[in-house]
Structures are given as structure tokens and as C-alpha cells.
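The values are calculated or read from the model by the stated rules, or taken from the named source; none is laboratory data. All of these numbers come straight from a predicted model, not from anything done at the bench. For neighbour counting, all protein chains shown are included, and Cβ atoms are generated from backbone atoms with ideal geometry for every residue, glycine included.
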Amino acid sequence: MLSRLVLRAAPAALRALPPPVAVGVLHATRPLHTTQQSLAPVPPLPEKGGEVRHGVIPEEFFQFLYPKTGVTGPYMLGTGLLLYFLSKEIYVVNHETAAAACILSVIVYAIKKFGPNVAAFADKLNEEKMASALAMKNEAIESLQKAIDEEKKEQWRVEGRTYLFDAKRNNIAMLLETNYRERLLMVYNEVKKRLDYQVAMQTLKRQKEQEHMIQWVEKNVVQSITPQQQKESIAKCILDLKALSKSAHAAVHEILYMSLAFISGILLSVLVFAIIFLFRKSE
Amino acid sequence: MAGRRAALKAVDWAAFAERVPPNQRAMFNALKTRNDALTARLAALPEKPPAIDWAFYKAHVAKAGMVDEFQKKFSDLKVPEPVDTQTAKIDAQEKEAAKSTAEYIQASKARIAHYERELQKLKTMIPFEQMTFEDLSEAFPETKLNKEKYPYWPHKSISDL
């Protein structure tokens, strides 16, 4: 019945379609998605599909029947329909039924067992893609930010160029000043050197004259020593020497006695220790 | 004595050092050492040489008239100041630098504006989870597949895969 409805509706729908040839041009130029509403970003798609019970029947069906038949309504309907189909032989049980039962049970078992794993795996793949894309985006943001900061820093750096030129000018000024002062100093030094040379020459001459004079005086004095005086001074020297030697001799005797006493002391102590040692050993 | 004692402008070396980029550190160090060396040399020299004690020399040098002659010539002597040839060049350099820095800053500002625009675009992008491939091509034009040049999948040259 439903199929007959569809079959009747089809020609009406086909007639409602505009004839293709004349409107081909219009189709191409008909504006789509130009109003303000459709320029807004598309709301995000839902994460999960509609709720279903027993894997195939949507929840809306149960909600639809709930007001009239309560919780058990759809189940009663389902059981009744199934029994009706079986008893009236609208659905015939043949060998394909057995094949369908086996195949379906295997499929259901496989999905129940491996479904979540496969879903998780697929989700992980997607997650990885998203994560890499997000990482790239974050990196891009960071690098842009850093680039902006670097540029600002460079601009700040550039302000320092005045220092450079000031330093250079300072260097030049210092160099000039140094040069000038060095020249002044050189002049002073040269003049002073010459004057000092003159003074030094004079003092040297004076010194040499003095030395010469002293030597001459000494020579004359030595010459003036008579032979008589010489003999007397030699005799005096000999007497002095004798007196000195006496005191030296006495000192030598003393030293001899002292050293003898010291050596004998040492020998005695060694003897005593040896006797004690032997005595100990013999005990 | 005009031009002597051109006042030395105080250079803030700390601030200067902060602004030196790392690849020009060596040049900066060289400049600083040069400056320090010159300062030391300048400080070591007295501003005026000590005065010569003419009375002492007049009393001690025997040669007549020598000291007087020296004195006269010494006081008449004018030491020429060294001529400054480089400051003009430095000023010219400074003007050049000012010009080039102005240009650089202009370019830098343009770059910053460009970066800011990119940053805004990235920040206001919709999250990847809500994007379609079309949205992705809009946001990142380099991912757009060239369907005219490569009409068959994967719409890009095999070497780009």
C-alpha cells in the first residue's frame, strides 16, 4: 500500500520539476548561500548519531508510542508483527533463514567484540591528525609572537647608535688632546735636557778638578815622608803585630783543652750505654 | 687655543653594551678597549708641563747668555694643535646611519604589522575539530588541492604525497 502511494506520487513530482533545457542557464546563475544567515560559520556537527535501541530501531519510535502504549507498546507491536508474518507465511522460513541467522549472529558477535577497539583505533588516528595540526598552529603562533618581539628588540637596539658615534668622537678628541700634550711635554723635556746637560758638565768638571787636586796633595805628602820616619813606623808595626799574636796563641790553647774534654765526655757516655745494653741482653 | 678642550661627552657604556647584538660584540669590545687605552693615556699626561726654573739655571750655568736665549725661544715657541680631520667624517657617518636606521625601522614596522595580521588570523581561526576541508583550504591556502592542474585524485603531484 505504501508502495502504491509512492508510485502514484512519482508522476506528480516529476511533473512538478521544471523542464531541464530552458532553465539550464538559470540554474547556473541562481545565487546560493549569499544571505547573511548562511555566511555565519556552520555549527559543529554532532559527535554521536541518534540514539538506537537494539542497534537498529531509533529511540524516537519508542518515544512516539510511549504516550499511547507505555513502555511495552513497541515490544508488543514487534512481537505481534513477527508472529503475524510467520503464521500467515508472509515471511517463509526456508534454508536462507538458517543462512541469515548464522551470518547475522557472526556479524553481531564480531561487532560486539571488536567494535569498540576499531572505534578507538580510528579515533586515535583522527586525534593524532588533530594534535599535529594543533601543534603546528601553536608553533606558528609562538614563532610569530617571537618574531614580533625580536623586531621590537631590534628597534630598541637601533636606538643605541648615538652612543657609538659619541664614543668615536670622544676617541678622536682624546687622541688630539693627548697628542697636543705630548708635544708640549716633548718641548719641555728637550729644553730641560739641554740645560741639565750644561749643569751636569759643569759639576763633572768641578769633580774631576777636586779629585786631581786631592791626588796631587797625597802624592806630595807621601813624597815628604823621610826614611827616618819610615823606620820608626815599621818598628811600631812589628810591636803591634807581636801583641796581637800573643792573644791569638792563648786563644788557640784554650780551644784545644775544650775539644779534648768534649770528646772524652762523649766516649764515656757511649761506654756507659754499651754496658747497660749488654747487661740487659744477658738477663 | 680654540677647539682645544672640546668637551668629552659622557658615554653610558652600560646602556651601550646592553644594546649591542651578539654578533657585533667583538667590535664593541675593540672599541671599548681603544677608548679605555686612550683615556688611560690622557689621564697619565699632565695638562701642562711643569715650569722650568730659569733662576736656578741662570745661577748655575756658566755660559753667558745661553739660559737667556733658551728662555726667550721657549716662551716664543707655539706648539701647533693637531688638526681634526675625522670629526666631519664621523658626522657624515652619523647622518647616514640615521637615514638607514629610519628605513630599517620602517621595514621593521611593516614586518610587525604583517606578523600581527597573521597572528590575528591564527588566533580567530575555528578549531580544527569543527573544520571541513573547505574551511581548511580557506584558513591555510597552501593546503588547497589544485583540481585544475591535477584533475584526478590525489590532486597533487605524486612526489608531494
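Give just the number: which of (1) within 25 Å of A:T178 (Cα to Cα); (2) facing chain A (nearest Cβ under 8 Å); (3) modelled with pLDDT under 85 does B:T85 not satisfy?
All conditions are met except number (2).
Given the conditions (1) at pLDDT 85 or above; (2) surrounded by 12 or more Cβ atoms within 10 Å (Cβ to Cβ); (3) part of a helix (DSSP H, G or I), report the number of the one that B:E129 does not fulfil.
(1)
Considering region B:82-111 alone, what residues qualify as being closer than 27 Å to A:E151 by Cα and touching a Lys or Arg at 6+ places or on another chain (Cβ under 7 Å)?
Listed by number, the residues that qualify are B:A97, B:T101.
Listed residues A:L144, A:L81, A:L176; which is on the phi < 0 side of the Ramachandran plot, over 51 Å from the mean Cα position of the chain (by Cα) and surrounded by 10 or more Cβ atoms within 10 Å (Cβ to Cβ)?
Numbers: A:L144 fails: over 51 Å from the mean Cα position of the chain (by Cα); A:L176 fails: over 51 Å from the mean Cα position of the chain (by Cα).
Criteria check complete, one pass: A:L81.
Do any residues in region B:97-116 that are at negative phi have Cβ atoms under 8 Å from those of residues that are aromatic (F, W, Y), where the two are at least six apart or on different chains, and which pairs are they?
Correct list of pairs: B:A97/A:F165.
Find the residue count for region B:29-58, including only residues that are at the interface with another protein chain (Cβ under 8 Å from one of its Cβ atoms) and part of a loop (DSSP other than H, G, I, E, B).
Number of matching residues: 7.
Inside region A:173-205, can you point out the residues that are more than 7 Å from chain B (Cβ to nearest Cβ), among the hydrophobic types (A, V, I, L, M, F, W, C) and under 22 Å from B:A51 (Cα atoms)?
Of everything in region A:173-205, those that are more than 7 Å from chain B (Cβ to nearest Cβ), among the hydrophobic types (A, V, I, L, M, F, W, C) and under 22 Å from B:A51 (Cα atoms) turn out to be A:M186, A:A200.
Would you point out the residue of region B:59-81, among those that are hydrophobic (A, V, I, L, M, F, W, C) and either under 43 Å from the mean Cα position of the chain (by Cα) or part of a helix (DSSP H, G or I) (or both), that is farthest from A:N171 (Cα to Cα)?
Once the filter is applied, the top-ranked residue is B:A59.
Inside region B:3-28, can you point out the residues that are of a type in the set (A, V, I, L, M), within 20 Å of the chain's Cα centre (by Cα), facing chain A (nearest Cβ under 8 Å) and outside any helix (DSSP H, G or I)? Can you show your working first?
Taking region B:3-28 as the starting set, the residues that turn out to be of a type in the set (A, V, I, L, M) are B:6-8, B:10-11, B:14-15, B:17, B:20, B:26-27.
Add one more test, that the residue is within 20 Å of the chain's Cα centre (by Cα), and what stays is B:8, B:10-11, B:14-15, B:17, B:20, B:26-27.
If we keep only those that are facing chain A (nearest Cβ under 8 Å) too, we end up with B:8, B:11, B:15, B:20.
Of everything in region B:3-28, those that are of a type in the set (A, V, I, L, M), within 20 Å of the chain's Cα centre (by Cα), facing chain A (nearest Cβ under 8 Å) and outside any helix (DSSP H, G or I) turn out to be B:L8, B:V11, B:V20.
Mind checking whether some residue in region A:206-226 is at pLDDT 90 or above, within 14 Å of chain B (Cβ to nearest Cβ) and assigned to a helix (DSSP H, G or I)?
yes
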